[in-house]
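**Student:** The structure's right below; bear with me while I get my questions together.
The values are calculated or read from the model by the stated rules, or taken from the named source; none is laboratory data. Bear in mind that the values here come from a model prediction, so they are computed numbers and not experimental data. Quick reminder, even Gly has a Cβ in these numbers, built from the backbone with ideal geometry, and neighbours come from all protein chains shown. Just so you know, the surface numbers come from the protein's heavy atoms only, side chains and all, with ligands and any DNA or RNA stripped out. Shrake-Rupley method; radii C 1.70, N 1.55, O 1.52, S 1.80 Å.
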Amino acid sequence: MKSENKSKQGHVYILESDNCDCIKIGGTDFPPAKRLREINETEPYKSLGPWRIVDFREVSDWRKVEHNLHYQFRDFQNHEIQNQKELFHLQKKTAVDALCSINPDEVLYRPKIDRLFQEERFLKFITELFRNTGLVNCVDIQGLWTLALFPSTNGGRYFTLNIGSH
């Protein structure tokens with residue numbers, strides 16, 4: 001019984017792209033960053049990208065959770081784009097709220113997402129910083145970089161960016 005449950009364990013995620021008016025709600029056996037790379041390399045999503053992770057949950061049965069979210073938003077599914085069934089005409093907040101309302105007994109891990117990264121000006125700044133350092137394509141490679149924020153130091157906001165193994 002335990003091995004059967006293990007095979008269902010995975011991630012449900014929400015993605016967005018500046019080049020698409022839909023969000024993508026999907027699920028995977030793999031870590032979301034690995035799946036994100038696949039999505040950004042595969043049509044029909046590749047031409048609508050680049051995609052980025054909005055939020056995700058590790059759940060005990062990702063196929064069930066993904067199905068329930070798709071069913072909940074079935075009236076908003078994008079039928080214009082061929083060869084896909086995971087794009088929805090939804091505000092990302094609506095999808096995130098639905099992800100947050102998953103039965104807590106099904107959630108194995110919920111990422112700690114700092115609200116600072118949801119702030120548009122900071123996100124624009126940090127994206128430009130990564131673009132200028134050449135790390136923009138390595139954002140999801142663990143161990144290549146770390147970002148540490150110090151919320152208040154003598155009235156200012158400071159951060160350190162460590163590049164390379166540490």
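**Student:** Provide the per-residue ³J(HN,Hα) series for the range 48-64, in order, calculated from phi with Karplus coefficients 6.51, -1.76, 1.60 and θ = phi - 60°, each as a whole number of Hz, with x at glycine and proline positions.
**Tutor:** Working through the residues one at a time gives 9, x, x, 9, 9, 6, 8, 6, 7, 9, 8, 10, 6, 9, 5, 5, 5 Hz.
**Student:** Under a 1.4 Å probe, what is the accessible area of the range 60-101 per residue, stated in Å²?
**Tutor:** About 65 Å² of surface per residue is accessible.
**Student:** Moving on to the next point. Obtain the nm distance between the two label points defined at ARG37 and ARG52 by a simple spin-label model: each point lies 7 Å from its Cα along the Cα-to-C-beta direction.
**Tutor:** Modelled inter-label distance: 1.9 nm.
**Student:** When the chain is fully extended, how far beyond the present Cα-Cα distance does THR94 get from ARG74, taking 0.36 nm per residue of separation?
**Tutor:** 5.9 nm
**Student:** From the backbone phi of the range 92-98, what are the Karplus-calculated ³J(HN,Hα) couplings (6.51 cos²θ - 1.76 cosθ + 1.60, θ = phi - 60°) in whole Hz, Gly and Pro given as x?
**Tutor:** 3J(HN,Hα) across the range 92-98, in whole Hz: 4, 4, 4, 5, 5, 4, 5.
**Student:** Moving on. Which value in nm describes the separation of the simple spin-label points at TYR109 and SER60, placed 7 Å from the Cα toward the beta carbon?
**Tutor:** Taking the two extended label points, one gets 1.8 nm.
**Student:** Would you list which aspartates and glutamates come within 13 Å of LYS8, measuring only between C-alpha atoms, while excluding same-chain residues fewer than 8 positions from it?
**Tutor:** Excluding near neighbours in sequence, the set is ASP29, GLU58, ASP61, GLU66, GLU106.
**Student:** Moving on to the next point. Count the net charge of all other residues whose Cβ sits under 14 Å from the Cβ of ASN19, scoring Lys and Arg as +1 and Asp and Glu as -1.
**Tutor:** Net charge in that neighbourhood comes out at -1.
**Student:** Still on this model: Under the rule a/c < 1.5 gives rounded, and otherwise a/b versus b/c splits prolate from oblate, where does the range 14-72 land using the Cα gyration tensor?
**Tutor:** Prolate, since a/c reaches 1.5 and a/b exceeds b/c.
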